[in-house]
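Single-structure report; data block below.
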Amino acid sequence: MIADLLKLDTYIDLCIPRGGNKLVRMVKDTTTIPVLGHADGICCTYLCDDYPVEKAVKIIVDAKVSYPAGCNALEQLLVSSSALTTVLPGVASALLQKGVSLRCDPASLSALKEALDPHSAALLQPASDTDFDTEFLDLILAIKTVSSVSEAITHINAHSSHHTDAILTTSSSVAQTFLAAIDSSSVYWNTSTRMADGQRYGFGTEVGISTNKIHSRGPVGLEGLTIYKWVLVGDAQVSAEYGSGGKQWKHEKLAIQGDKEGDEWRARNEEEREALRTLRAGTRNDA
């Protein structure tokens, strides 16, 4: 029945599969009808050393424990190397008390074994490479150490499912770099990934969550299913009257945040940042 429906691209404008990974991937792989949805929910949070422990515990426990099987549940915790002995132990202890299995990279594993009591330290597990590409949908969390926001951005853009990712920091400049560079449908500063939901966004009934890059993206309500229709009302205007030497369009040049000289926070990594600097330098020379 489903296979037959997926062939009716003449009559069906959009598919919204609601279900698990296998269903969504099957629909995407077997139809020419546009599909609104996401196959995985590998959500990440980057924990910085300046963020208060009590707030970090509150957010991360909610993101992992409140509904582990949700597509917006936290699956990876990236930790600044300078937070390994300060903020992370309190977070790890709270997660272990909630029954979360922690799979740690070598640096975080070593730091936590030193900081936690022997019983808690014995519960820690070493992470494998596949843990950082896995949607656990369970009380399991992969922990990775990073040296900078740039490293966190690079890892998330490569290993998350572009669903929802977050940063915990008191630094506005670091947060803005992260928010602009993460290539995900929802990006948060100092809140839980579990906030990714149409009802919580004020959309009413959520019809789906999309990680697509065309039209609707993120949690989608009924308004997100609508498409554009452009209506022009004129009085004998024609295209040939406009342009060079003719009538002028009433377009206005809008200022774009990030246009200031030296402000490259919109770049996703150092390579893009350098390319942006070179482009701006060339534009100034041409002028």
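The set of residues in the range 24-72 being within 18 Å of the chain's Cα centre (by Cα), farther than 30 Å from I227 by Cα and among the small types (G, A, S) consists of A63, A69.
Outside the structural domain of T154 (by TED's automatic domain parsing), under 22 Å from the mean Cα position of the chain (by Cα), not charged (D, E, K, R) and not in a helix (DSSP H, G or I): is that true of P17 in this structure? It would help to see each step written out before you state the result.
Details: outside the structural domain of T154 (by TED's automatic domain parsing): yes; under 22 Å from the mean Cα position of the chain (by Cα): yes; not charged (D, E, K, R): yes; not in a helix (DSSP H, G or I): yes.
Against the criterion (outside the structural domain of T154 (by TED's automatic domain parsing), under 22 Å from the mean Cα position of the chain (by Cα), not charged (D, E, K, R) and not in a helix (DSSP H, G or I)), P17 qualifies.
Hey, could you check the range 73-87 for residues that are in a loop (DSSP other than H, G, I, E, B) and surrounded by 15 or more Cβ atoms within 10 Å (Cβ to Cβ) and say which is farthest from the chain's Cα centre (by Cα)? Looking at residues that are in a loop (DSSP other than H, G, I, E, B) and surrounded by 15 or more Cβ atoms within 10 Å (Cβ to Cβ), I get T86.
Is there a residue in the range 108-123 that is surrounded by fewer than 23 Cβ atoms within 10 Å (Cβ to Cβ) and in contact (Cβ under 8 Å) with a residue 40 or more places away in the chain? Give the derivation first.
Step one: filter the range 108-123 for residues surrounded by fewer than 23 Cβ atoms within 10 Å (Cβ to Cβ), giving 109-111, 113-123.
Those still in the list that are in contact (Cβ under 8 Å) with a residue 40 or more places away in the chain too: none.
Checked against the condition, which is being surrounded by fewer than 23 Cβ atoms within 10 Å (Cβ to Cβ) and in contact (Cβ under 8 Å) with a residue 40 or more places away in the chain, the range 108-123 yields no hits at all.
Within the range 24-42, the set of residues being farther than 21 Å from S185 by Cα, hydrophobic (A, V, I, L, M, F, W, C) and not in a loop (DSSP other than H, G, I, E, B) comprises just one member, M26.
For the range 225-235, the count of residues that are loosely packed, with under 10 Cβ neighbours inside 10 Å and either closer than 30 Å to A127 by Cβ or in contact (Cβ under 8 Å) with a residue 12 or more places away in the chain (or both) is nonzero.
What about A236, is it in a helix (DSSP H, G or I) and either small (G, A, S) or modelled with pLDDT under 80 (or both)?
Numbers: in a helix (DSSP H, G or I): no; either small (G, A, S) or modelled with pLDDT under 80 (or both): yes.
No: the conditions fail for A236.
Is it the case, given these coordinates, that T45 is at pLDDT 95 or above, of a type in the set (S, T, Y), surrounded by 14 or more Cβ atoms within 10 Å (Cβ to Cβ) and in a loop (DSSP other than H, G, I, E, B)? Here the answer is no, as T45 does not meet what is asked. Among helices (runs of 4 or more DSSP H) entirely within the range 96-184, having at least 2 residues that are β-branched (V, I, T) singles out 149-159, 172-181. I'd like to check something: does the range 173-185 contain any residue that is within 24 Å of G20 (Cβ to Cβ), out of contact with any Leu (no Cβ under 7 Å at 6 or more places or on another chain), of a type outside the set (D, E) and at pLDDT 75 or above? Yes, the conditions are met somewhere in the range 173-185.
The values are calculated or read from the model by the stated rules, or taken from the named source; none is laboratory data. Note that the structure is predicted; figures quoted are calculated from it, not measured. As a convention, Cβ positions derive from the backbone with ideal geometry for all residues, glycine included, and neighbour counts pool all protein chains shown.
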